[in-house]
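Right, one structure below, let's go through it.
Each reported figure results from applying straightforward, stated rules to the coordinates on display, with no laboratory input. These numbers were taken from a predicted model, which means no experiment stands behind them. Cβ: placed from backbone, ideal geometry, glycine included. Neighbour counts: every protein chain shown.
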Ligand SMILES: Cc1cc2nc3c(=O)[nH]c(=O)nc-3n(C[C@H](O)[C@H](O)[C@H](O)COP(=O)(O)OP(=O)(O)OC[C@H]3O[C@@H](n4cnc5c(N)ncnc54)[C@H](O)[C@@H]3O)c2cc1C
């Protein structure tokens, strides 16, 4: 569709959505250039992916992410291994500036930049021992008879608690509400671990420690504050979509997730969104892959329509010029 080194689609994100978009895009004969610095995206935080069809015994998140990445590479997708600082539009084409200041242009963009975990309070990034990834930072507490805590009640919190229960002597799973948000499968796995203690209806009030966290201050509903000594805390208390790089008036939900139509196109024509960054009702690996595939297919349709329109306009203009010349 384009000259040798030109790009048809810029893809933002190397997670399941972005890499699957690259696989499908390449197979549709389009040239894709993928931006992002972590092969597999958030999959590095998933110790074991147990709910992806066809892997009855589960598969390691990092292993799955690398397989996707390698498959996209073998289909001919190019990976810049850089982040994008901005995505804008100029003269009808998208322009994306990377972290080295280099500008790349394409007629369509698929934003598959995922989301990142929110913090709980201001000291989150000042105190050592407050973490967001149990797979990455949990092993630091191995062989120490450590007591660790996870804050959150969804599937990600459950996975952190399960990972840490293999490492620590005791894991507290602290959450504010009466009922946890995790699904039944995660709930059963958590209940099956003797060293995970669930503290429901318990609010985290503060952290205690100078350089590193030493205890977490909690308030169980209707009771006095109390301190729980811990070696580290893992947060899974919500998410924020990675959309800061988009310099276009794209419609989002009140929480910042990109709204899309049935073709996964955003309010900006030619800008598609896939995976956790969009207003999805199931932020999971399977749906991110499916989104990536569909976004690539519809981006290909959009490129074909745009090309047909441009050709029709050029033809009409040439005919009009010929007529006026007599
Ligand atoms: C602890 C944990 C456990 C989980 N367990 C499961 C599970 O068991 N099963 C399941 O199905 N799902 C699970 N998930 C959810 C799953 O990881 C996500 O749904 C999935 O990774 C979303 O894929 P994505 O491609 O949309 O986004 P991501 O995987 O988040 O990838 C987005 C990529 O975009 C990159 N990016 C962001 N900004 C930019 C930028 N400016 N320029 C370039 N690149 C950028 C990011 O760095 C990232 O690499 C879990 C998540 C966590 C945290």
Given the peptides 224-232, 141-149, arrange them by the average over their residues of other C-beta atoms within 10 Å, most packed first. 141-149, 224-232
Which of rounded, prolate, oblate describes the chain, given a ≥ b ≥ c as roots of the alpha-carbon gyration tensor eigenvalues and a/c under 1.5 marking rounded, otherwise prolate only if a/b is larger than b/c? prolate
Quick one: compute the contact order of the chain, relative version, from alpha carbon pairs under 8 angstrom and 6+ residues apart, as a percent. 20
GNM on the chain, C-alpha springs below 10 Å: top fluctuator among 100, 291, 247? 100
Segment 49-123, relative contact order in percent, only Cα pairs under 8 angstrom and at least six apart counted: 14
For segment 122-235, what's the relative contact order in percent, using C-alpha pairs closer than 8 Å and at least 6 residues apart? 31
DSSP beta bridges in segment 122-235: the antiparallel percent, rounded to 5, is 40
Calculate the FRET efficiency for residue 319 and residue 63 from the Cβ-Cβ distance with a Förster distance of 41 Å, rounded to the nearest 0.05. 0.10
Which order do 261, 276 fall in if you start with the one that has the fewest other Cβ atoms within 10 Å? 261, 276
Please give the peptides 212-219, 91-98 ranked by average Cβ packing (other Cβ atoms within 10 Å per residue), highest first, as a rough proxy for protection. 212-219, 91-98
What is the gain in length, in nm to one decimal, between residue 310 and residue 99 on full extension, counting 0.36 nm per residue of separation less the C-alpha to C-alpha distance? 72.8 nm
Looking at the chain, send over the antiparallel percent of its DSSP beta bridges, to the nearest 5. 45
Highest first, please rank the peptides 23-35, 105-117 by the mean number of other Cβ atoms sitting within 10 Å of their residues. 105-117, 23-35
Between residue 205 and residue 55, what length comes free when the chain is fully extended (0.36 nm per residue of separation minus the Cα-Cα distance, one decimal in nm)? 49.9 nm
